[in-house]
1. GNM on the chain, C-alpha springs below 10 Å: top fluctuator among ASP317, ASP81, ASP251?
2. In whole angstrom, note down how far apart the Cα centers of segment 4-32 and segment 136-165 are.
3. Quick one: net charge around VAL70, please, counting Lys, Arg +1 and Asp, Glu -1 for every other residue with C-beta under 15 Å from its C-beta.
4. So who's got an amide H within less than 5 Å of the one on PHE246, skipping anything under 5 residues away but keeping other chains? H placed 1.01 Å off N, in plane.
5. Counting only C-alpha contacts under 8 Å and six or more residues apart, can you give the relative contact order of the chain as a whole percent?
6. Once the Cβ-Cβ distance between ARG109 and PHE294 is put in as r, and R0 is 45 Å, what FRET efficiency do you end up with, to the nearest 0.05?
7. For PHE235 and LEU98, what does the FRET efficiency come to when R0 = 51 Å and r is the distance between their Cβ atoms, rounded to the nearest 0.05?
8. How large is ³J(HN,Hα), in whole Hz, for each residue of segment 308-315 in order, when computed from phi with the Karplus curve 6.51 cos²θ - 1.76 cosθ + 1.60 and θ = phi - 60°, using x for Gly and Pro?
Amino acid sequence: MRTRAALFRAAGVPLELREIEVAEPGEGQVLVRMAAVGVCGSDLHVIRGEWTRPAPMILGHEGSGIVEAVGPGVESPAPGDPVVISWAPACGECAPCLAGRETACLALRAAIRAGTMLDGTTGLEVDGEPVYRMTTVGALAEHVLVPAATALPIPADVPLEQASLLGCAALTGVGAALNANRVEPGASVLVVGAGGVGQFVVQGARIAGAARIVVVDHFPGRREAALALGAHEAFSPEEFAETDAFDVTFDAVGLAATSETALAAARGGGTAVLVGMPPGGARLDLDPLAFSNFEKTLTGSVYGSETPARALPRLLDLVRGGRLELASLVGPRFPLEAANEAVEASLAGAPGRVLVTP
């Protein structure tokens with residue numbers, strides 16, 4: 001079938017609205033009509049040329065939609081079901097998968113680098129040539145073909161624009177705080193970066209019962225949003241003084257400077273968690289005394305450190321219980337024709353998640 005998509009050609013070149021060919025759903029696959037797609041920091045890395053990916057590529061990996069068709073062998077989801085798209089299919093056979101770390105699946109990592117689905121195909125063409133997928137998905141399109149296991153059903157009463165945030169930002173941010181028992185009741189927490197993921201880290205820390213949550217972010221609108229979501233204090237990078245020592249710190253940006261801030265602000269015996277994705281080739285300048293003398297722990301969290309199919313129902317329970325806020329995190333909305341304007345809004349630091357609504 002034919003559908004429209006915003007094609008990435010090269011860094012510095014505007015996204016191109018094109019009609020592309022999408023394969024019919026094969027064994028174990030579903031076709032989803034996209035309703036809302038979030039512009040994620042990972043997409044911006046590609047747009048700025050900080051990550052090298054094959055082109056032409058459809059960016060976007062965070063979104064929601066309605067299943068239109070299913071391939072052979074698919075029992076769930078069914079046509080008409082609302083779903084959230086997960087970008088992390090797993091082979092189930094490699095060492096990380098067997099250890100219960102499906103988001104670190106070796107086949108998944110290879111597919112992300114290659115711009116394909118897990119089976120090595122894209123199922124997408126333009127002018128007879130392959131079109132590649134950002135992070136196995138390629139969601140900036142009217143339709144997306146994905147494995148059925150990564151189209152996660154959601155209740156019909158969750159608005160699709162809000163549900164799109166669950167696909168990456170919420171799973172990543174809330175999970176970084178809640179999973180692996182990182183934030184305990186009464187803990188002091190620092191969150192560096194209050195974009196889409198950082199705002200969900202704040203909520204995860206609040207849900208976990210943190211006694212003090214401090215946010216550092218360059219953009220005033222994002223600092224205000226973080227305070228409304230449960231942060232107790234918010235500072236610009238220039239205002240923040242690294243005099244306090246926190247039980248747990250999170251870098252939700254991914255720059256060397258923000259990672260170093262998170263590590264420096266962790267107390268002796270505390271933990272710094274790297275959540276934001278860094279540009280390609282980034283390196284950290286680490287002080288060994290932070291580890292040998294102060295017993296700090298530096299670790300990472302990818303996609304909330306949990307399998308999405310297990311994590312999503314828990315997030316939905318938090319939404320139903322009024323403990324996890326979605327509506328106020330929805331930012332400016334743009335049609336697919338204005339995908340470039342959506343990118344610019346995200347680069348400019350919009351306080352809510354910028355959405356494209358194909």
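Since every read-out is calculated from the coordinates, none of them should be taken as a lab result. Computed from a predicted model, the values in this text were never measured in an experiment. Don't worry about glycine lacking a Cβ; one is built from the backbone with ideal geometry, like all the others, and counts go over all protein chains shown.
1. The residue that fluctuates most here is ASP317.
2. If you average the Cα positions of each part, the centres end up 15 Å apart.
3. My count for the surroundings of VAL70 gives -4.
4. When sequence neighbours closer than 5 places are left aside, the close amide H contacts are ALA266, ARG267.
5. Over the chain, the number comes to 18 percent.
6. 0.90
7. The computed FRET efficiency comes out at 0.75.
8. Here the 3J(HN,Hα) series is x, 5, 8, 6, 4, x, 5, 5 Hz.
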